[in-house]
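Undergrad: Let me begin by handing over the structure; questions about it come next.
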Amino acid sequence: MFIPENHSIEPSEVRIWLSSPTQTAESRQYMLEAFDTNWLSTVGKNINCCEEEIEAKTGIKYAVALSAGTAALHLAMKIAGEQIYGGAEIGKGALAGHRVFCSDMTFDATVNPVVYEGGVPVFIDTEYETWNMDPVALEKAFELYPEVKVIVIAHLYGTPGKLDEIRAIADRHSAFIVEDAAESFGATYKGKQTGRFGNVGCISFNGNKIVTGSSGGMLLTDDIEVANKVRKWSTQSRENAPWYQHKELGYNYRMSNVIAGIVRGQIPHLEEHISQKEAIYERYKEGFKGLPISMNPYDSENSVPNFWLSCLLIDSDAMCKQVRGEQEALYVAEHGKSCPTEILETIEKYNAEGRPIWKPMHMQPMYRMNGFVTRECDGKAFDIGMDIFHRGLCLPSDNKMSIEQQDMVIEIVRGCFN
């Protein structure tokens, strides 16, 4: 672990977070209005306004406010199963027994809703250019599993993937795309907001996202029938009757008017937050010049990320020895080299929060027996996601972090290679 010889770096008195909520005066106002008027449940002005403002911000026709991004993903899977396979009997998932192609390097909330609906995830490896689903591996997956009709793509750390290529492959195979834009709200691809490239899109307002409500999410669609069905499902599938009457399975997934108020008050600040996050990314990039590392990449010709998290990737020949088990990691310090474990342990010593790259889904104990498809390199399969996980890490990216605090992190990282 790097410790400065002159001890010039002092631990931050205030915790430097990976990405914490950014509160606004408007959020407080709308939340208190909900409290004062006693509209605390899953109906109210904030919900309606929040949906309308997300529609205006993204350009989507219909946004449905839900309790979490995961709830949005779950109902998106039900929509996909119903439209492709005709739905399911009560007690059986809409994707029951059907394979679904999923981004491999993502948080498990992207994938678990597939299983909620009885689907079988097949993981598609990552590419180096954007750290997202590899179109080459996706095309190969259709050769192996031509019957698949659903693709779930995620935009890692706020960076859009290769959407034109993925959309073209999906169209050739008549596949339904569920777009997980939970991390990429505000990011664009060829001038169009992420969340609008799939048949259904999902965004999240979890406490660490670029717009936060402590919880909450949205399902995005241009289909009024889909929007109406999701609203119905999210309110326990209640029929239009004087009493509680139900013909199909429903869920308690609607966003509360209180949470909607918090989200609503942050939406006007989205571009401001993105600008702050981009400045953090650029300061890291400048501060790490000369080190054997690179920042998480993006396609600057076609996309503009929201820069939610700034990440680094250590060059292969600059990695010291590192071994990871299921819950622990070990490394051997070496002059001129470092590894994610050393850097994360060191910045934690100085009261700053980092995080490993998302561990790919095919490496997770619960999904190790699922299919995994990667491209070939020189005739050999190469696990790109595992490589990025091994060499990469997420840096403190909180938009309330001071320049001095970020300079401290940069100095610590530089020191880990001395």
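The values are calculated or read from the model by the stated rules, or taken from the named source; none is laboratory data. Not measured: the values here are computed from a predicted model. A quick note on method: Cβ atoms are made from the backbone with ideal geometry, for glycine too, and the neighbour counts reach across all protein chains shown.
Undergrad: Residue under question is A175, and the condition is that it be closer than 20 Å to V200 by Cβ, of a type in the set (G, A, S), more than 22 Å from the chain's Cα centre (by Cα) and at pLDDT 95 or above; does it hold?
TA: In short, no.
Undergrad: Let me ask something else about it. Kindly provide the set of residues from segment 236-259 that are in contact with a Gly (Cβ under 7 Å, 6 or more places away or on another chain) and either under 19 Å from P113 (Cα atoms) or small (G, A, S) (or both), ordered by number.
TA: Q236, S237, M255, listed by residue number.
Undergrad: Collect the residues in segment 108-136 that are surrounded by 24 or more Cβ atoms within 10 Å (Cβ to Cβ), aliphatic (A, V, I, L, M) and part of a helix (DSSP H, G or I), keeping them in residue-number order.
TA: V114, the sole residue that qualifies.
Undergrad: Considering each residue of segment 395-418, count those that are closer than 12 Å to Y281 by Cβ and not in a loop (DSSP other than H, G, I, E, B), and give that number.
TA: 1
Undergrad: Any idea which of A241, A279 is at pLDDT below 95 and out of contact with any Asp or Glu (no Cβ under 6 Å at 6 or more places or on another chain)?
TA: Step by step, each of A241, A279 is checked, and only A241 is at pLDDT below 95 and out of contact with any Asp or Glu (no Cβ under 6 Å at 6 or more places or on another chain).
Undergrad: Give the residues of segment 63-98 that are over 16 Å from F205 (Cα atoms), out of contact with any Lys or Arg (no Cβ under 9 Å at 6 or more places or on another chain) and surrounded by fewer than 24 Cβ atoms within 10 Å (Cβ to Cβ), sorted by residue number.
TA: Of everything in segment 63-98, those that are over 16 Å from F205 (Cα atoms), out of contact with any Lys or Arg (no Cβ under 9 Å at 6 or more places or on another chain) and surrounded by fewer than 24 Cβ atoms within 10 Å (Cβ to Cβ) turn out to be Q83, G86, E89, I90, G91, K92, A96, G97.
Undergrad: With surrounded by 22 or more Cβ atoms within 10 Å (Cβ to Cβ), outside the structural domain of K400 (by TED's automatic domain parsing) and assigned to a loop (DSSP other than H, G, I, E, B) as the only criterion, which of I210, I203 stands out?
TA: I210
Undergrad: Kindly establish whether L270 is closer than 30 Å to Y30 by Cα and in a loop (DSSP other than H, G, I, E, B).
TA: Judged against the criteria, L270 is not a match.
Undergrad: A further question follows. Among (1) out of contact with any Cys (no Cβ under 6 Å at 6 or more places or on another chain); (2) not in a helix (DSSP H, G or I), which single condition is V152 missing?
TA: Answer for V152: the failing condition is (1).
Undergrad: Determine whether segment 385-400 contains at least one residue that is crowded, with 16+ Cβ neighbours inside 10 Å, among the polar types (S, T, N, Q) and within 20 Å of I153 (Cβ to Cβ).
TA: Checking segment 385-400: not a single residue is crowded, with 16+ Cβ neighbours inside 10 Å, among the polar types (S, T, N, Q) and within 20 Å of I153 (Cβ to Cβ).
Undergrad: Consider Y145 carefully, then state whether it is surrounded by 24 or more Cβ atoms within 10 Å (Cβ to Cβ) and either of a type in the set (F, W, Y) or without any contact (Cβ under 8 Å) to a residue 12 or more places away in the chain (or both).
TA: no
Undergrad: Report yes if some residue within segment 325-345 is among the hydroxyl-bearing types (S, T, Y) and touching a Pro at 6+ places or on another chain (Cβ under 8 Å); otherwise report no.
TA: No; the residues of segment 325-345 include none that is among the hydroxyl-bearing types (S, T, Y) and touching a Pro at 6+ places or on another chain (Cβ under 8 Å).
Undergrad: Please go through segment 79-107 and give me each residue that is within 20 Å of G69 (Cβ to Cβ), in contact with a His (Cβ under 9 Å, 6 or more places away or on another chain) and assigned to a helix (DSSP H, G or I), ordered by number.
TA: Within segment 79-107, G81 is the sole residue that qualifies.
Undergrad: Restricting attention to segment 137-146, which residues are part of a loop (DSSP other than H, G, I, E, B) and either at pLDDT below 95 or in contact with a His (Cβ under 8 Å, 6 or more places away or on another chain) (or both)?
TA: If the condition is that a residue be part of a loop (DSSP other than H, G, I, E, B) and either at pLDDT below 95 or in contact with a His (Cβ under 8 Å, 6 or more places away or on another chain) (or both), then P146 is the only one that fits.
Undergrad: Further question: Give the residues of segment 216-256 that are assigned to a strand (DSSP E or B) and of a type in the set (G, A, S), sorted by residue number.
TA: G216, G217 - these are the residues of segment 216-256 that are assigned to a strand (DSSP E or B) and of a type in the set (G, A, S).
Undergrad: Of everything in segment 378-418, what is β-branched (V, I, T), touching a helix residue (DSSP H, G or I) at 6+ places or on another chain (Cβ under 9 Å) and within 27 Å of H362 (Cα to Cα)? Give them in sequence order.
TA: I384, the sole residue that qualifies.
Undergrad: Does segment 357-366 contain at least one residue that is assigned to a strand (DSSP E or B), of a type outside the set (V, I, T), in contact (Cβ under 8 Å) with a residue 40 or more places away in the chain and surrounded by 18 or more Cβ atoms within 10 Å (Cβ to Cβ)?
TA: no
Undergrad: Considering only residues that are part of a strand (DSSP E or B) and not aliphatic (A, V, I, L, M), look in segment 303-339 and name the one that is nearest to N399 (Cα to Cα).
TA: The residue in question is C311.
Undergrad: Please pick out the residue among L73, L66, L95 that is touching a Gly at 6+ places or on another chain (Cβ under 6 Å) and closer than 19 Å to V211 by Cβ.
TA: After applying the criteria, what remains is L66.
Undergrad: Looking for whichever is among the charged types (D, E, K, R), part of a helix (DSSP H, G or I) and crowded, with 17+ Cβ neighbours inside 10 Å here; the options are E342, E348. Which one fits?
TA: E342
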